[in-house]
Each structure stands twice: as C-alpha cells, then as structure tokens.
Amino acid sequence: MKLDIIVPAYNEEDNIFNFYDAVNEALKGIKHNFIFIDDGSKDKTLQKLKELYKKDDENVKIISFSRNFGKEAAMYAGFLYSKADYACIIDCDLQQDPAYLVKMYDFLRENDQYDAVCMCQKQKKKRGLQRMFYKLMGKLSNMEIVDGASDFRMFRKNVVEAILEMSERNRFSKGIFSYVGFRTYYDSYKVKERKAGVSKWSKFKLLNYAFDGIVSFSTKPLRFATYTGVLTSFIAFIYLIVILIKTFTTGVDTPGYASLMCVMLFLGGIQLIFLGILGEYLGKTYNETKRRPIFIARERIGFDEDFL
Ligand code: UDP
Ligand code: MG
C-alpha cells in the first residue's frame with residue numbers, strides 16, 4: 001500500500017524543505033512518495049527540489065514544466081505519473097496541515113465503500129463571491145459542488161484513472177472530480193496562514209475561474225439565451241400588433257423617440273451579452289479542437305526509464 005503525494009509548486013522556494021519535513025513527520029510509518037511539479041517557477045524552486053532529490057532519491061520525484069501551465073495542469077501531470085494505490089493533492093505552502101493526510105489515508109483504508117476524501121475549507125471570513133459561485137455553478141451544471149470544497153483530496157487508484165480519462169485541455173478540477181462520480185467523503189479542515197511566499201490568486205482570477213467552470217460543465221447559459229430570445233420575440237410581436245392596431249385606428253403617431261431608443265439599447269445589450277456567451281463556448285471548442293498538450297515537461301527526475 002503506497003501513497004503518492006502530488007505537490008504543485010509555483011515559486012515556492014522557501015516552502016519546499018519545510019513542507020517535505022512536515023509531511024515526513026506526519027506520515028511516519030506510512031510508505032509514501034513525493035511527486036513535485038515545478039510549474040515553471042521563476043525562483044529557485046527547481047533548484048531546491050533537486051537538492052531534495054539528492055537527499056532522498058528513493059521517495060522524491062520531480063516534473064519540471066517548460067513554463068507556467070497552472071495548477072490544474074500540474075495536478076494532471078501528478079496523476080499521470082502516480083502509480084500508487086492512493087494519491088493525494090496537497091499545496092506546498094503548508095496552509096493544509098499534513099496531519100490530515102493520515103486522517104484521509106486511514107479513512108480510505110477503513111472504509112472501502114468510499115473512493116475519495118475531499119477536505120472542505122472552514123472559512124475564516126465569509127467569502128461572499130466564492131459562495132455565490134459555488135451555488136451558481138452547482139445549479140447550472142447539475143453537479144454537486146460542495147461549498148468550500150478544495151483540491152486537498154485523496155483518491156484511490158480507480159478514481160485517478162477516471163480523472164485521467166477526462167482528457168480535456170481546459171481543466172476545471174472541481175467539476176472533473178464531481179463529474180467522475182465515485183463515493184466521496186467530505187471532511188473539513190482549517191486553512192492555515194501561508195508559511196512563505198505569496199498566493200497566486202486574485203479576486204479577478206476567481207471571476208474568470210468561475211466563468212471557465214460554468215462554461216466547461218454546463219451549456220445552460222446557451223439554453224437561457226434561447227429562452228430569452230423566444231421571450232423577447234414574443235413580447236415584440238405583441239407590441240407590433242398593438243402598434244399596428246393603434247396606427248390603423250388613430251393614425252400615425254410620430255413621437256416615441258425615447259421609448260424606441262430604450263428598446264433598441266436594451267435589445268442591443270442583450271444581443272451583445274449573448275454573443276459573448278456564444279463566443280465563450282466557441283472559444284472553448286476552438287481550444288479543445290487544437291488538442292494541444294495539457295503540459296510540456298522540461299525535465300523529469302526520479303522516474304523509472306520505462307515509464308517515460
Ligand atoms: N500553484 C501552481 N501553479 C500556479 C499557481 C499555483 O502550481 O500557477 C500551486 C502553488 O505553488 C501552491 C498551490 O498551487 O502549492 C496553491 O496555490 P496558492 O497557495 O497560491 O493558492 P491559495 O492557497 O491562495 O488558494
Ligand atoms: Mg495557498
């Protein structure tokens with residue numbers, strides 16, 4: 001029984017060693033491998049990882065990307081190279097206490113009716129935008145997106161294989177994890193402060209992330225556009241009849257510039273919004289059809305030759 005610890009790392013030079021020590025300390029007695037993914041870091045992350053490899057070439061494996069491909073791509077690479085019975089994703093910044101790894105591991109070993117454990121963040125402060133996003137996302141995609149569910153998860157091998165089957169380029173892991181199904185046990189954890197370095201997330205990024213998630217897993221916005229089109233056409237038709245009757249009975253009525261302008265602007269706005277939504281789907285389709293690789297590795301260190 002072995003456990004692969006998949007660790008995406010982007011500009012985490014000051015966290016690598018602390019992280020490694022903390023995990024080893026927590027996982028005493030559990031056989032485990034580290035799969036670090038250096039996501040095109042610009043600092044000394046790779047150098048630090050190589051030092052770690054020199055120290056412990058038995059258990060440390062490294063994939064270094066040719067540039068920054070994002071955490072989603074890093075997680076995919078980790079899954080691709082994982083061969084153990086269990087695999088987990090954990091951040092490198094020690095915001096997620098490695099002690100939970102033992103909890104997750106024990107849980108999966110003792111409960112074979114479950115295939116995955118997902119840790120949900122106990123919110124320190126209420127993040128309204130995030131909560132709204134989870135609600136909207138769940139409603140739009142008919143999928144279970146649990147509030148606060150993080151990427152801090154552990155899976156059995158069968159789940160990892162299913163995740164790898166989802167070979168889309170535009171990866172939205174929360175949706176993917178939910179889509180593949182299996183029985184997931186949800187537990188909660190307290191997010192700690194970052195040990196070193198800075199977070200790579202911004203509010204603006206979260207908004208784009210939300211859009212990506214919705215477009216990746218739901219075509220409901222397109223249906224909504226169609227319904228809105230049908231509804232406005234219906235209203236316009238009724239209005240047309242009213243105007244015709246009015247014109248025939250009371251003659252031509254020239255004033256009406258303001259109302260005309262309002263209707264024109266309103267419909268123009270709606271059209272642009274829906275054109276944008278259509279464009280989002282078209283863009284995603286365009287990107288998927290190119291079938292570009294999800295990540296490009298510059299170096300792979302510590303893997304068996306035959307596996308590469
Ligand atoms: N990360 C990554 N590639 C990126 C951004 C982040 O591999 O482009 C890694 C990062 O090194 C960390 C994890 O993903 O281990 C979570 O990132 P971060 O701590 O910035 O996110 P937050 O905890 O603030 O949500
Ligand atoms: Mg973090």
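Read the figures in this text as sums done on the coordinates, not as results from a lab. Note that the structure is a prediction, hence the values are computed from the model and not measured. Methodologically, a virtual Cβ is constructed for each residue, glycine included, from the backbone with ideal geometry; neighbour enumeration extends over all protein chains shown.
Overview of values
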read-out: Filtered residues of segment 209-231 (kept if within 13 Å of ligand 1 (Cβ to nearest atom) and exposed (fewer than 13 other Cβ atoms within 10 Å of the Cβ)); value: none
read-out: Criterion (more than 15 Å from ligand 1 (Cβ to nearest atom) and of a type in the set (A, V, I, L, M)) met by exactly one of A74, A22, A9, A26; value: A26
read-out: Those residues of segment 178-205 which are within 16 Å of ligand 1 (Cβ to nearest atom), within 28 Å of R291 (Cα to Cα) and touching a residue at least 60 places away in the same chain (Cβ under 8 Å), in sequence order; value: K200
read-out: Members of segment 82-104 that are under 14 Å from I6 (Cβ atoms) and either free of Cβ contacts under 8 Å to residues at least 24 places away in the same chain or part of a helix (DSSP H, G or I) (or both); value: L101, M104
read-out: Subset tally (residues that are polar (S, T, N, Q) and within 16 Å of ligand 2 (Cβ to nearest atom)) for segment 156-198; value: 1
read-out: Members of segment 234-272 found to be over 30 Å from L222 (Cα atoms) and hydroxyl-bearing (S, T, Y), listed by number; value: T247, T249, T250, T254, Y257
read-out: Residues that are outside any strand (DSSP E or B) and more than 17 Å from K103 (Cα to Cα), drawn from segment 1-35; value: Y10, N11, E12, E13, D14, N15, I16, F17, N18, F19, Y20, D21
read-out: Q130 vs. criteria farther than 16 Å from Y186 by Cβ, touching a residue at least 40 places away in the same chain (Cβ under 8 Å) and either surrounded by 14 or more Cβ atoms within 10 Å (Cβ to Cβ) or among the acidic types (D, E) (or both); value: yes
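This table checks each residue for (1) surrounded by fewer than 19 Cβ atoms within 10 Å (Cβ to Cβ); (2) among the hydrophobic types (A, V, I, L, M, F, W, C); (3) within 17 Å of K71 (Cα to Cα).
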{"residue": "L136", "(1), (2), (3)": "yes, yes, no"}
{"residue": "D147", "(1), (2), (3)": "yes, no, no"}
{"residue": "R153", "(1), (2), (3)": "no, no, yes"}
{"residue": "V160", "(1), (2), (3)": "no, yes, yes"}
{"residue": "I163", "(1), (2), (3)": "no, yes, yes"}
{"residue": "R169", "(1), (2), (3)": "yes, no, yes"}
{"residue": "V180", "(1), (2), (3)": "no, yes, no"}
{"residue": "T184", "(1), (2), (3)": "no, no, no"}
{"residue": "D187", "(1), (2), (3)": "yes, no, no"}
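Results for (1) aliphatic (A, V, I, L, M); (2) within 20 Å of L164 (Cα to Cα); (3) surrounded by 15 or more Cβ atoms within 10 Å (Cβ to Cβ), shown as yes or no for each residue.
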| residue | (1), (2), (3) |
| --- | --- |
| I16 | yes, no, yes |
| K42 | no, no, no |
| Y53 | no, no, yes |
| N59 | no, no, yes |
| Q96 | no, no, yes |
| A116 | yes, yes, yes |
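Residues checked against (1) over 21 Å from the mean Cα position of the chain (by Cα); (2) within 14 Å of ligand 1 (Cβ to nearest atom):
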| site | (1), (2) |
| --- | --- |
| Y81 | no, no |
| I90 | no, yes |
| Q96 | no, yes |
| Y100 | yes, no |
| K103 | yes, no |
| F107 | yes, no |
| N111 | yes, no |
| Y114 | yes, no |
